[in-house]
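Notes to accompany the following structure.
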Amino acid sequence: MNERRGAGGRPPDRKYSVIFLGAGASKAAGLPLTEELLRHLWPREHEATSTPWDDFKTARQWKTDLESAVKVLYPDGESDGFRPLVSEFFTLLEVMDRVHSGRERLPLDAGELLQSLRSEIALGLIRAVDGQRRRTARLPQYKWLTSSVGRPAVIVTSNWDTISEQAALRAGLNVSLGWPRTKSGDRLKELPAKTVVILKLHGSTDWGRADDPRVLAAAREWEYERLDVVVEPGVTRRRHSRDGSEQIVRFRTYDHPVASERARMGFDEPLMATMAAGKDTFISDLQGIWDDAYWVLSRADKLDIVGYSFPSDDLELRTLLRVSTRRAGAAGLSDGVEVAVCNPSPDTHDRARSFLGMDLVSSYEGAGAWRMRRRKSS
């Protein structure tokens, strides 16, 4: 049996500056929002200017497959121009795959469609991030990481893209994809100098399982690396630290020694928890990262939630924010933490207060306008 940890004891000291990034932060860096992803694969006439993502399937095949899927899943699926909400669409596909796959005469192979959707979206985002490489210093993520006031020690994000990692390396910071640990596995009490921790709770376009066919067939093993290896700016080693025990590995994109390879995908199916309600099965592979996120958020004295809309399908993330910032048995925030929410939508702030309490700082500017801030007590 797994040991269950109780809720007793003294609350931890709060001392870390943390920024929580949602899709709006990536949008400010020139990437599509969640609800805009299908436009690249299956545009309507008035959306035809979106850059097409059609490497794994042709645009015609995407149109055929997606039209067939929505006809199965939605009464309005045959209507011209119908497009489902992305989060709901993925939720239904996940249910079809996990609960109903293999049933007799099932009219939809949801598993195959999900795999190809993840791959197409991942490659589109990888190329979009690589296309921003020359202007990284003008992106909001770079400005936050080079701020002279309140530079975040940790970025927690629901986003799959690697904009934050690219910006951190451009800023001269070491990137740790988990809280650094000692050789015995204990968390370091303090972060090393010039290091930012980036915790990606829904996976990443450049992460995948170590038994993925592309990893097993790789001619250049150094293209894949452990998640717990710190990425250093300007260091592009042609070797790796894997020992064969890894379940998840990273394909080098932003730190690939060969520049032309940075826009390539390294997995048949990248490790990306889709925009669906009930991600607990999928994110079980990322339990260590979720543990680090809870540990960090429970020790944050300044938490800026930027570009995250508290969507209804993000039960896991909303619960994580709630239990790590709220004072036990009380309606308000824990002592010693200031929480700010930056989002232009008033509905987002209403939802944030209903989950976290009334004592939040609100900014109705877009993510690109957010500025790091000092604690009020400093």
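Structural remarks
- With semi-axes defined as the square roots of five times the eigenvalues of the C-alpha gyration tensor, the equivalent ellipsoid of the range 1-104 measures 38, 24, 12 Å, largest first.
- For the range 164-210, the orientation-averaged shadow of the C-alpha convex hull comes to 4.4 nm² (one quarter of the hull surface).
- Taking Cα atoms only, the orientation of helix 110-131 departs from the longest principal axis of the chain by about 60 degrees.
- Taking packing as the residue-averaged number of other Cβ atoms within 10 angstrom, the listed peptides 160-172, 111-123 run from highest to lowest as 160-172, 111-123.
- Heavy-atom accessible area for ASP80, with the other protein chains in place and a 1.4 Å probe, reaches approximately 150 Å².
- Counting only heavy atoms of the protein chains and using a 1.4 Å probe, LYS71 has close to 110 Å² of accessible surface.
- Computed extension gain for TRP222 through LYS15, at 0.36 nm per residue and net of the alpha carbon distance, reaches 70.8 nm.
- P(r), alpha carbons of the range 83-135 - 10 Å bins starting at zero, rounded %: 22, 39, 24, 11, 4, 0
- The Cα atoms of the range 109-148 cover 51, 19, 7 Å along the three principal axes, with the biggest extent listed first.
- Descending principal axes extents, the range 193-301, alpha-carbon based, whole Å: 41, 35, 26
- Over the range 121-228: Kirkwood hydrodynamic radius from C-alpha pairwise inverse distances, Å: 15.4
- With contributions of -39500 (n - 2.57) from each DSSP H run of at least four residues, the per-residue ellipticity at 222 nm computed over the chain stands at -9000 deg cm²/dmol.
- Where only alpha carbons of the range 25-86 are counted, the Rg and the Dmax (Å): 12.3, 36
- The range 230-378: relative contact order as a whole-number percent, Cα under 8 Å and 6+ apart: 17
- Restricting attention to the chain, the count of lysine pairs at 8 or more positions apart or across chains with alpha carbons under 24 Å apart stands at 24.
- Solvent exposure ordering (accessible area, 1.4 Å, most first) of TYR224, TYR294: TYR294, TYR224
- Tilt relative to the chain, helix 346-356 - C-alpha long axis, 0 to 90 degrees, to 10: 60
- The P(r) of the range 301-378 has a tail past 17 Å containing 43 percent of all C-alpha pairs.
- Centroid-to-centroid, using Cα positions, the range 7-37 and the range 173-229 are 19 Å apart.
- Normalised Debye scattering of the chain at q = 0.11, 0.13 Å⁻¹ gives log10 I(q)/I(0) of -0.81, -1.14, counting only Cα atoms as equal scatterers and leaving out solvent.
- Shape analysis of the range 318-359 yields a ratio of the Cα radius of gyration to the Kirkwood radius, Rg/Rh, of 0.95.
- Rh (Kirkwood; distinct C-alpha pairs) - the range 247-378, Å: 17.1
- Nearest 10 degrees, 0 to 90: helix 315-325 Cα axis against the chain principal axis: 0
The values are calculated or read from the model by the stated rules, or taken from the named source; none is laboratory data. This is a predicted model, so every value here is computed, not measured. Quick reminder, even Gly has a Cβ in these numbers, built from the backbone with ideal geometry, and neighbours come from all protein chains shown. Keep in mind that these areas ignore ligands, DNA and RNA; they rest on the heavy atoms of the full protein, side chains included. Shrake-Rupley method; radii C 1.70, N 1.55, O 1.52, S 1.80 Å.
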